[in-house]
Amino acid sequence: MKILRKHQSGFTFVELIFAITIMGSMLAIAMVVVIGTLRFYVFSNQVRQNQENGRNIVDTMTRELRFGELVIPSATGSPSSRICIMDDTNKQLIDYKLYGTDLLRTTLSYSPGFLNCDEDTTSAKLTKIITSGPINLDKMKVSNFSVVRTSGARGGNDKASAVTIGLSYTTGLPETDGKCATGNIYCSGLTLNTAINLRAGTK
């Protein structure tokens, strides 16, 4: 009697390895696309958050300058990387300065007889540090903070009638000089400029 064997079909070992290699390659490509998309989504949110934060910083400075007395910068026409404002109503000193890639804001209370913003913080006239620390976000690197007093005509004296502020910062992965390289999609730079008329006066 002749026994008939049914034809058995299946994958060979080589075919199985080839199929796994193809599937692994496709999965790797898909993961790269997904991770890149998520990374760019997170970066875009950081950019939007820092745009809002930058505007809030300038708006806060504008409000404080309009209703306080500008002490530093004292010279007109010379750029400074510091603003010092006296808020005589609340007896507070508000000090902005650039420190590395951080913009620091310090508020101190002062007693009568306070002289200027450069007094030692241990002075009895500077009674208490209220707040102190960077106001920019972790992924927000400040590359330029420039303040210029203009020579003004208030009462015919040489006191400043306005101040211009320039704030430049980057989000993401800037170069060592703080600027974004051409073609770097994970770096965004923004510059804000504003001119502020001083109402309360200047020192």
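Nothing in this text is a laboratory measurement; each read-out follows from the coordinates by a stated rule. Just so it is clear, the model here is predicted, and its values are computed rather than measured. FYI the Cβ positions are ideal-geometry reconstructions off the backbone, even for glycines, and counts take in every protein chain you see.
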Between Phe67 and Ser111, what length in nm is gained on full extension when 0.36 nm per residue of separation is reduced by their alpha carbon distance? 13.9 nm
Using the beta-carbon distance between Ser74 and Met23 and R0 = 45 Å, what value does 1/(1 + (r/R0)^6) give for FRET efficiency, to the nearest 0.05? 0.05
For peptides 162-173, 50-61, 35-46, sequence by mean Cβ density within 10 Å, most packed first: 162-173, 50-61, 35-46
Given Cβ point charges of +1 (Lys, Arg) and -1 (Asp, Glu) and nothing else, what value in debye, to the nearest 20, does the dipole of segment 4-84 about its Cα centre take? 340 debye
Calculate log10 I(q)/I(0) of segment 15-79 for q = 0.24, 0.26, 0.29 Å⁻¹, where I(q) comes from the Debye formula with a single equal point scatterer on each Cα and nothing for solvent. -1.00, -1.04, -1.10
Segment Tyr99-Val33, length gained on full extension (0.36 nm per residue, minus Cα span): 20.0 nm
